[in-house]
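Beneath this line is the structure, given in structure tokens, with notes to follow.
The values are calculated or read from the model by the stated rules, or taken from the named source; none is laboratory data. Here the structure is a predicted model, which is why all the values come from computation and not from measurement. Neighbour counts run over all protein chains shown; Cβ positions are idealised from the backbone, glycine included.
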Amino acid sequence: MILSTRTMAFSAMLCLLPGLSQAGSVEVLHYWTSGGEARSVQVLQQAMQEDGHTWDDFVVQGGGGGNAMATLQDRVLRGNPPTAAQIKGLDIQRWARLGFLSNINGLADEQQWDERLPPVVAAAMQYNGDYVAVPVNVHRTNWLWANKRILDSVGVAVPTTWAEFDQAADLIAAAGYRVIAQGHQDWQHATLFEAVALSVGGPEFYQAALVEHDFRAMRSDTMDAVFDRYYRLLEHMPLSDDLGEWNQATSLVINGEAAFQFMGDWAKGEFSAEGKVANTDYVCAPVPGTQNQFLFNIDSFAIFDLRGASQADQTAQNDLVRNIMDDSFQRTFNQNKGSIPPRTDMSMSAFDDCARVSMSEFIAAAANDSLLPSIAHGMATTGTVQGYFYEKIGELTVNPISPSESSRELAKAIRYGQYVIK
Ligand code: BGC
């Protein structure tokens, strides 16, 4: 664009006016497109606009973020990174190791992150001890969502064991409802599978098999039992039911067509967006057998190195980070998103029952070192191993084989993913 002398003089004058001088723009990559997700990201957009900055929405469709990561890679490799991108877990380390992220220790000191974030969250935001990303929330992936009216009408409580689940499922099916609404995408199958692994095998098994990838755990009778239970659940969610996106499945539970969905608490954002109330219209409960256990999934924005960008855009980037860690943003964003704040110094009085339970279990698990990272959501492993895990679980969901052959196939796939990284 060619600017006239008058325009340039006007811009120079604006730069001298307090408050307007640092108005820059931020381009933020994310994949939050469902009703609850869109409401959440708007909170950040609004905070930035109130600071006078321009929000350039870099949104990539696709739950779980697979498409977004491919798009990001392409942009960064062409030398045009966004201001910040929704990148999680071990992938933050990978981008930092390649030299693309910015050191934001100064902002972390200013807002006392070390005092406000539990060590597991702080560590996930750092590379070699330096902060390079900012956390927006903590999701728990081992949740079961239930339509209360359906449960009441068939006279069952939310199941806490698989035996109770099977009994409830028979009654629900006999009453003509769909038992489980679950979208048929690899990442959603993987989300259910990891919760079943925790439930059937327990935390030590989960850690050994899905975090450390210990071969004996991956090939154990316990893993066979995990597959056995997983395949039994598939009977209630046939591929022919034609469900795709996760929020399409959530809608069926909201509308009273299906009784259950196994999904992380971003599903709660959909209930809230529809004005539904926890424990009145719907019930949140841990996946049977995972009471007091917490599979975590932290959403965060990795902050790209904007060397060479205008001072105004660098200021806008700093304001983005400041806004994300601010109390009021954290409260409203997480109420809309279904998650809890990663800051454990915040009051939970304005949150619903599900979030309060989640926070107290998160704090308890963090204190006794029993928080477990979600493999389906990039917390336990890199995107590469996660990709092989997704693919294999997806394949076995479509073409189930015997549980012990399944364990062998999964172990091989994970091993292969590890080999590819090296
Ligand atoms: C993200 C959530 C998101 C969900 C569905 C998860 O991996 O952490 O923020 O709502 O995927 O897209």
Open item on the list: Here are the criteria: (1) touching a strand residue (DSSP E or B) at 6+ places or on another chain (Cβ under 6 Å); (2) assigned by TED's automatic domain parsing to the domain that holds Gly256; (3) surrounded by fewer than 23 Cβ atoms within 10 Å (Cβ to Cβ). Tell me which single one Gln291 does not satisfy.
Closed with: (1)
Task: Where a residue in the stretch 54-77 is touching a residue at least 40 places away in the same chain (Cβ under 8 Å) and over 15 Å from Phe100 (Cα atoms) and its partner, wherever it lies, is away from the ligand (no atom under 12 Å from the Cβ) and aromatic (Phe, Trp, Tyr), with Cβ under 9 Å and at least six apart - done: Thr71/Phe58
TODO: Any residue in the stretch 21-50 that's assigned by TED's automatic domain parsing to the domain that holds Gln61 and within 16 Å of Gln317 (Cβ to Cβ): show its pairings with residues that are among the aliphatic types (A, V, I, L, M) and part of a loop (DSSP other than H, G, I, E, B) at Cβ separation under 7 Å, as long as the two are six or more apart or on different chains.
DONE: Leu29/Val60
Open item on the list: Test of understanding: among Ala312, Ala259, which residue is touching a residue at least 40 places away in the same chain (Cβ under 8 Å), away from the ligand (no atom under 16 Å from the Cβ) and touching a helix residue (DSSP H, G or I) at 6+ places or on another chain (Cβ under 6 Å)?
Closed with: Ala259
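Given the criteria in a loop (DSSP other than H, G, I, E, B), more than 16 Å from the ligand (Cβ to nearest atom) and either closer than 27 Å to Val200 by Cα or touching a Lys or Arg at 6+ places or on another chain (Cβ under 7 Å) (or both), does Ala350 qualify? Don't jump to the end; show me each part of the working.
Details: in a loop (DSSP other than H, G, I, E, B): yes; more than 16 Å from the ligand (Cβ to nearest atom): yes; either closer than 27 Å to Val200 by Cα or touching a Lys or Arg at 6+ places or on another chain (Cβ under 7 Å) (or both): yes.
It is true that Ala350 is in a loop (DSSP other than H, G, I, E, B), more than 16 Å from the ligand (Cβ to nearest atom) and either closer than 27 Å to Val200 by Cα or touching a Lys or Arg at 6+ places or on another chain (Cβ under 7 Å) (or both).
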Task: Qualifying positions in the stretch 367-393 - in a helix (DSSP H, G or I) and over 16 Å from Ala195 (Cβ atoms) - done: Ala367, Gly383, Thr384, Val385, Gly387, Tyr388, Glu391, Lys392
Open item on the list: With in a loop (DSSP other than H, G, I, E, B) and either modelled with pLDDT of 95 or more or farther than 15 Å from Ser25 by Cα (or both) as the only criterion, which of Asn292, Asn318, Asn297 stands out?
Closed with: Asn292
Open item on the list: Between Arg343, Arg331, Arg408, which is in the same structural domain as Gln185 (by TED's automatic domain parsing) and of a type in the set (Lys, Arg)?
Closed with: Arg408
Open item on the list: Whether any residue in the stretch 325-333 is surrounded by 23 or more Cβ atoms within 10 Å (Cβ to Cβ) and in a loop (DSSP other than H, G, I, E, B) is what I want to check.
Closed with: no
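Examine the stretch 107-115 for a residue that is on the phi > 0 side of the Ramachandran plot, among the polar types (S, T, N, Q) and surrounded by fewer than 17 Cβ atoms within 10 Å (Cβ to Cβ), and state whether such a residue exists.
Looking for residues that are on the phi > 0 side of the Ramachandran plot, among the polar types (S, T, N, Q) and surrounded by fewer than 17 Cβ atoms within 10 Å (Cβ to Cβ), one finds at least one in the stretch 107-115, hence yes.
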Task: The lone exception for Pro288 - which of (1) in contact with a Phe, Trp or Tyr (Cβ under 6 Å, 6 or more places away or on another chain); (2) within 16 Å of the ligand (Cβ to nearest atom) it fails - done: (2)
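I'd like the full set of residues that are in a loop (DSSP other than H, G, I, E, B), within 26 Å of Thr280 (Cβ to Cβ) and out of contact with any strand residue (DSSP E or B) (no Cβ under 7 Å at 6 or more places or on another chain), limited to the stretch 172-193.
Residues satisfying the conditions are Ala175, Gly176, Gly183.
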TODO: Look at Gln167 and say whether it is at pLDDT 95 or above, surrounded by fewer than 19 Cβ atoms within 10 Å (Cβ to Cβ) and more than 24 Å from Met348 (Cβ to Cβ).
DONE: yes
Task: Leading residue by the ranking (surrounded by the fewest Cβ atoms within 10 Å (Cβ to Cβ)) among those in the stretch 233-248 that are closer than 20 Å to Leu396 by Cβ and in contact (Cβ under 8 Å) with a residue 60 or more places away in the chain - done: Leu239
Open item on the list: Among the residues of the stretch 315-347, what is the count of those that are within 16 Å of the ligand (Cβ to nearest atom) and aliphatic (A, V, I, L, M)?
Closed with: 2
TODO: Inspect all residues belonging to the stretch 303-311 and state whether any of them is part of a helix (DSSP H, G or I) and assigned by TED's automatic domain parsing to the domain that holds Ser102.
DONE: yes
